[in-house]
1. For the cross-link pairs K117/K154; K109/K176; K9/K136; K10/K181, which exceed 18 Å when the distance is taken from alpha carbon to alpha carbon?
2. Any idea which of A174, I153, V164 is furthest toward the positive side of the dipole for segment 124-179, if Lys and Arg beta-carbons carry +1 and Asp and Glu beta-carbons -1?
3. Once you have all Cα-Cα distances for segment 87-163, histogram them in 10 Å bins from zero and send the whole-percent values.
4. Just the number: Rg to Rh for the chain, Cα atoms, Kirkwood Rh, two decimals.
5. What is the magnitude of the charge dipole of the chain about its Cα centre, with +1 placed on the Cβ of each Lys and Arg, -1 on the Cβ of each Asp and Glu, and no other charges, expressed in debye to the nearest 20?
6. Under the definition of Cα pairs under 8 Å and six or more residues apart, what whole-number percent is the relative contact order of the chain?
7. At what distance in nm do the modelled label points of N150 and D21 sit from each other, each positioned 7 Å from its Cα along Cα→Cβ?
8. Radius of gyration and Dmax for segment 121-169's Cα atoms, expressed in Å?
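Each value in this text was obtained by applying a stated rule to the coordinates, not by laboratory testing. If you're wondering where the values come from, they're calculated on a predicted model, not measured in any experiment. Note that we place each Cβ from the backbone using ideal geometry, even for glycine, and neighbour counts take in every protein chain shown.
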Amino acid sequence: MEIKSAVFKKGSPSISGVFDDGLPHVAFIGRSNVGKSSTINALTKSKNLAKTSSAPGATKHINMFLINNKFYIVDLPGYGFVRGSVGKRDTLHNLIESYLSYPYDKEQKIVLILDAKVGPTKDDLDILSSLERLGKDIVVAINKVDRLKNSEIKSAQQKILSLVGPHKIVFYSAEKGESVKELWLKINS
Ligand code: GDP
């Protein structure tokens with residue numbers, strides 16, 4: 001995909017305003033630290049559009065980036081590990097849930113990012129089941145393939161595929177730029 005413009009539009013602590021202007025959404029979801037910001041930056045060829053951070057749990061809002069004046073990249077809060085109280089963690093999970101359960105009748109893709117080295121965690125698989133149940137158009141994006149040794153790649157891929165099941169899947173590396181084009185192709189398919 002040719003990126004002509006990528007602009008941060010808003011960060012919202014609730015879903016209020018998130019669906020207002022009716023443009024298509026490509027929403028990214030994943031555990032904290034899985035490389036969600038790096039993925040958004042790689043896809044938009046920007047260094048710093050989504051802030052990458054090595055501190056887990058840094059993103060607490062739904063952040064929206066307008067791409068080519070045509071659609072939004074939606075950066076959902078990372079799940080799984082949230083610094084702070086249990087209450088804060090629940091608030092974030094509610095925010096993710098209210099985004100996912102909103103009945104958006106426009107085009108909406110959900111990109112679930114997993115870690116190739118760690119494999120799908122219980123949280124990841126729970127989210128995937130929810131997405132399936134909600135009938136979402138899902139892409140499963142397996143990041144950090146560069147962390148696998150050549151000798152590990154095949155068995156790691158097979159294991160992940162068997163856990164994830166039949167979905168649009170792409171293995172890539174946001175950091176190395178490997179298969180990022182393929183990720184766009186899957187998102188657009
Ligand atoms: P987020 O919390 O999901 O937004 O994750 P970030 O994009 O901030 O990345 C978390 C950490 O993972 C950072 O230290 C990144 O440099 C690292 N990271 C992200 N993508 C990759 C990748 O493709 N390969 C490797 N090896 N590290 C990555």
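1. Working: K117/K154 12 Å; K109/K176 24 Å; K9/K136 24 Å; K10/K181 26 Å.
Where the Cα-Cα span goes over 18 Å, the pairs concerned are K109/K176; K9/K136; K10/K181.
2. So the residue furthest toward the plus end is I153.
3. With 10 Å bins starting at 0, P(r) equals 16, 42, 28, 12, 1.
4. Values: Rg = 15.6 Å, Rh = 16.7 Å.
Reported Rg/Rh (Cα atoms, Kirkwood Rh): 0.93.
5. Working: 28 positive and 19 negative charges, 107 e Å.
That gives a dipole near 520 debye.
6. Details: 331 pairs, mean separation 45.1, N = 189.
Result for the chain is 24 percent.
7. 4.8 nm
8. 12.0, 37
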